[in-house]
Amino acid sequence: MKKKLIAIALALAVLTGCSQKLDTKKQTFEDKGVSYAFQLPSTWEEDKNYQENYSATTVFAATDKKSNSAMFITTKQKSEVDLKDFAKKTQKQLGKVYKYDKAEDIYMKEFKVNKLPAYKYTVFTRFKEKKSWAHIYYIETENGFAQLIYYSADDNGYKKRAEIIDESARSLVETGQSDKVSTEEKEENTAKNDRLAIKVSGYKVIESESVGKLLAVKYGVTNLKETPLKPMIWSSLVTASYKGQELQQTTLPKESEKTELGELEKQSSKAIGENQNSESVVIYRLRDTNGSVMLHFSDEEFPEQEEIVLDLKALSK
């Protein structure tokens, strides 16, 4: 009996020691002339490849060392956001994105962070091919507006993790504003003319049991004219080749349709207006990953644009 009691006591001690807390170190980032700070859960660490792993508009990302959980952040200036009826409009929009029959089934909560409005939504989705909960926060600051998306593994630690995630999101504060907001975009990996700009923001190899190796290329399209255009314009302006042979474009396999890449793929057919930007992804078939993929842009549309090289071998390093 004593041995059993000791074992139980030890087990309780271990469980008690596993309670999560926020890291004492504050993470900082800056975007669109506004600087921010917040705290991650103590078991999470910064993801240095945040734009490659998410999108060109991502300004910070992190992963949990203990579970299949992660988060990333995008921001806007508050003046860019239509805040009228924001809560309900966003719930409805998320319902369409995550294919809920009724948008009202998406958990929604309105609250305050530093006396300013904030919103939380929770949806069930997939992250890295596994079932996951997404806790989506929109937090208003004095001059900015931040979106924080936390993916939380659907496991036994989900409830406790949701609590520390909430503390992390609520710790966000605006720490300053630049005197002059730069409106210039980085030109790296970008093809631009007077009609549109295309920026390659990342790429990854997908191993699919049903179709084999695939290459996913993430990109953003900015429309610079009044005439609406769709991100799928990529297909008519960009040619991908591997070892001298043109790659065939395809679509994501069914098992990836409900992932983050699947949601990006859907954006390719949605028109955007003047000065609007949309992130999407294009999928190519691959034979192997021992070389580099060359992205060649239309000579007619982008006469001075150099090819962009995607080194597949670098992904395995």
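Would segment 244-317 count as rounded, prolate or oblate if I go by the C-alpha gyration tensor, calling it rounded below 1.5 in a/c and otherwise prolate when a/b exceeds b/c, oblate otherwise?
Oblate.
Label V211 and T122 with points 7 Å out from Cα along Cα→Cβ: what is the distance between them in nm?
Distance between the two pseudo-spin positions: 3.4 nm.
Using only alpha carbon pairs under 8 Å that are at least six residues apart, calculate the relative contact order of segment 135-181 and give it in whole percent. The partial results should precede the final answer.
Values: 32 pairs, mean separation 15.6, N = 47.
Relative contact order of segment 135-181: 33 percent.
Please work out the FRET efficiency for the pair E46 and K76, using the Cβ-Cβ distance as r and a Förster radius of 30 Å; give the result to the nearest 0.05.
Working: r = 22 Å, r/R0 = 0.72.
In this case the efficiency is close to 0.85.
For Q276, project a label point 7 Å along Cα to C-beta. Then give me every residue of segment 79-96 with its amide nitrogen under 15 Å of that point.
81-82, 93
For a test of understanding, tell me how many lysine pairs in segment 41-96 have Cα atoms under 25 Å apart, given they are 8 or more places apart or on different chains.
Qualifying lysine pairs in segment 41-96: 15.
Give K102/K199; K99/K254; K21/K218; K130/K218 a once-over and call out the pairs whose C-alpha atoms are over 23 Å from each other. Show your work: numbers first, answer last.
Numbers: K102/K199 35 Å; K99/K254 15 Å; K21/K218 34 Å; K130/K218 21 Å.
Going by Cα-Cα distance, K102/K199; K21/K218 fall outside the 23 Å limit.
May I ask for log10 I(q)/I(0) of segment 13-123 at q = 0.10, 0.14 Å⁻¹, from a Debye sum over the Cα atoms as equal point scatterers with solvent left out?
The calculated log intensity ratios at q = 0.10, 0.14 Å⁻¹ are -0.40, -0.80.
State whether segment 34-79 is rounded, prolate or oblate according to the following rule on the C-alpha gyration tensor (a ≥ b ≥ c being the square roots of its eigenvalues): a/c under 1.5 gives rounded; otherwise a/b larger than b/c gives prolate, and the remaining case gives oblate. Don't jump to the answer; show the numbers that get you there.
Values: a/c = 2.70, a/b = 1.54, b/c = 1.76.
In terms of gyration-tensor shape, oblate.
Roughly how many percent of the accessible protein surface of segment 87-137 is carbon and sulfur, given a 1.4 Å probe and a whole-percent answer?
On the way: 1590 of 3150 Å².
It is 50 percent, rounded to a whole number.
Rounded, prolate or oblate, given the Cα gyration tensor of segment 207-267, with a/c below 1.5 counting as rounded?
oblate
Over the chain, give the accessible area per residue in Å² for a 1.4 Å probe, as an integer. Walk me through the intermediate numbers first.
Details: 18270 Å² over 317 residues.
That works out to 58 Å² for each residue.
Check each of the GluC sites (Glu not before Pro) in segment 258-317 and keep only those in coil by DSSP with at most 15 other C-beta atoms within 10 angstrom; list them in order. Intermediate values should be presented prior to the final figure.
On the way: sites: E260, E263, E265, E274, E279, E300, E301, E304, E306, E307; in loops: E274, E300, E301, E304, E306, E307.
Answer by residue number: E274, E300, E304, E306, E307.
Treating only the Cα positions of the chain as identical point scatterers, give the base-10 log of I(q)/I(0) from the Debye formula at each q in 0.12, 0.13, 0.14 Å⁻¹.
-0.92, -1.07, -1.22
For D311 and Y107 in one chain, what is 0.36 nm times their gap in residues minus the Cα-Cα distance, to one decimal in nm? Walk me through the numbers on the way to the answer.
Numbers: separation 204, 0.36 × 204 = 73.44 nm, distance 4.15 nm.
Result: 69.3 nm gained on full extension.
Rounded to the nearest 500, what is the 222 nm mean residue ellipticity of the chain from helices alone, with -39500 (n - 2.57) per DSSP H run of 4+ residues and division by all residues?
Working: 6 runs with 56 residues, N = 317.
Theoretical 222 nm ellipticity from helices: -5000 deg cm²/dmol.
In the full protein assembly as shown, how much of S79 is accessible to a 1.4 Å probe, in Å² to the nearest 10?
About 110 Å², rounded to the nearest 10.
With unit charges on the beta carbon (Lys/Arg positive, Asp/Glu negative), name the residue among P303, L196, Q20 whose Cα is farthest towards the positive pole of the charge dipole of the chain.
Selected residue: Q20.
Rounded to a whole number, what % of the accessible area of segment 208-273 do carbon and sulfur atoms account for, probe 1.4 Å?
Details: 1580 of 3340 Å².
So the carbon and sulfur contribution to the accessible surface is 47 percent.
Taking all protein chains together and a probe of 1.4 Å, list L261, L215 from the most accessible to the least accessible. Could the numbers behind the result be given before it?
Values: L261 20, L215 0 Å².
Ranked from most to least accessible, the order is L261, L215.
The values are calculated or read from the model by the stated rules, or taken from the named source; none is laboratory data. A quick note: this is a predicted structure, and the numbers were derived from the prediction, not measured. Every residue, glycine as well, gets a Cβ built from its backbone with ideal geometry; the counts of neighbours run over all protein chains shown. Accessible surface is based on the protein model in full, side chains and every heavy atom, while ligands, DNA and RNA are left aside. Shrake-Rupley method; radii C 1.70, N 1.55, O 1.52, S 1.80 Å.
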